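To start, the structure under review is shown below, and the notes come after it.
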Amino acid sequence: MDNLFERDAEVILTWRVQARHLGGSTTQERINLKVGDRLDFGIPNAGGEFQPRATPSIGTFEVSDQHLFFSNFTTSTTFVIENLEGGTELVKARPRQLGMVIPFEMSRILIPSSASIGELTVFTSPPRLLGPEMAATPTESAMSKLDATTKYFAVLVALCEPRLRGSSMAAVPSVQEVVERLRGVEQFRDANRSSVNYHIDYLADQKLPVSQWAKYLNEGRMHSKREALVAFSLRFDLVREEHLALLPDVKLLRAQRCLEARQATKVATGAIS
């Protein structure tokens, strides 16, 4: 059976480094690991910055021909490993935990210190995939019920966007924020809070089994329909990074808002004079 990592494949680690002189800019550094490599690391300075091969070591990476292993050498600090593609997926490397398999193709490792939270990005080789002709085809799935060309799906993508672009801690947008985010989409020219709420209710009541799923969490309690929809959609990959292309370009949207604000100012000034 083929190995998960090819022999010449690399694991790529990247991290930000603040220049030592006053007012120095932040730069990006990178190191590549091949199968059989081991890298110890530490945080030797008060700024909480990641540093490879620093002593004392607080953790290590080891690359095998099957997995990327991660160890936490600290006595009281938990490291968090987030899935950069999953929005809310994460695993924890607890104190003194050795040889933990990093299960994500692209991940962000958060290392807290007294001064800040160090951030390390890890890229591994793509996983092996079963051939299409051998894959089981379920008769029905949640994704088969969703139509990516509809208005309700655009609303769902707008709700999931902050966690897809940011981290699992990103706040879920309010209904009004969704209205604002979808401005510029022809289908949402006349959108308002009521129409967006309609799509949220439709998703929760008709399209996705969030109420049933919530029974397995927090004794059946949901903080809100928006939270439940985002958590469910991201956990089961119903909304993915490629779906962000359905939303208006952020830069163009900001430029449009600035233009509208300037026009409103001119109108108000003219009215006053």
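The values are calculated or read from the model by the stated rules, or taken from the named source; none is laboratory data. In this text, all values refer to a predicted model and were calculated from it rather than measured experimentally. Cβ sites come from the backbone with ideal geometry, for glycine too, and all protein chains shown count toward neighbours. Remember, those area values only see protein heavy atoms, side chains included, never the ligands or the DNA or RNA. Shrake-Rupley method; radii C 1.70, N 1.55, O 1.52, S 1.80 Å.
For the reader, a short list of remarks on this structure follows.
- Selected residue (criterion: nearest to T124 (Cα to Cα)) from residues of the stretch 96-105 that are surrounded by 14 or more Cβ atoms within 10 Å (Cβ to Cβ) and not aromatic (F, W, Y): E105
- Evaluation of H223 against (1) outside any helix (DSSP H, G or I); (2) modelled with pLDDT under 70; (3) surrounded by 15 or more Cβ atoms within 10 Å (Cβ to Cβ) (one fails), failing number: (3)
- Selection count, the stretch 63-108, where residues are over 30 Å from V157 (Cα atoms), among the aliphatic types (A, V, I, L, M) and in contact with a Phe, Trp or Tyr (Cβ under 8 Å, 6 or more places away or on another chain): 5
- Cβ pairs under 7 Å, 6+ apart, first in the stretch 155-170 and touching a residue at least 40 places away in the same chain (Cβ under 8 Å), second among the aromatic types (F, W, Y) and assigned to a helix (DSSP H, G or I): none
- Unmet requirement for S64, which otherwise passes all of (1) over 19 Å from L98 (Cα atoms); (2) modelled with pLDDT of 80 or more; (3) of a type outside the set (A, V, I, L, M, F, W, C); (4) open to solvent by less than 50 Å² (accessible area, probe 1.4 Å): (1)
- Complete set of residues in the stretch 181-197 that are free of Cβ contacts under 8 Å to residues at least 24 places away in the same chain and either surrounded by fewer than 14 Cβ atoms within 10 Å (Cβ to Cβ) or among the basic types (K, R) (or both): E186, R189, D190, N192, R193, S194
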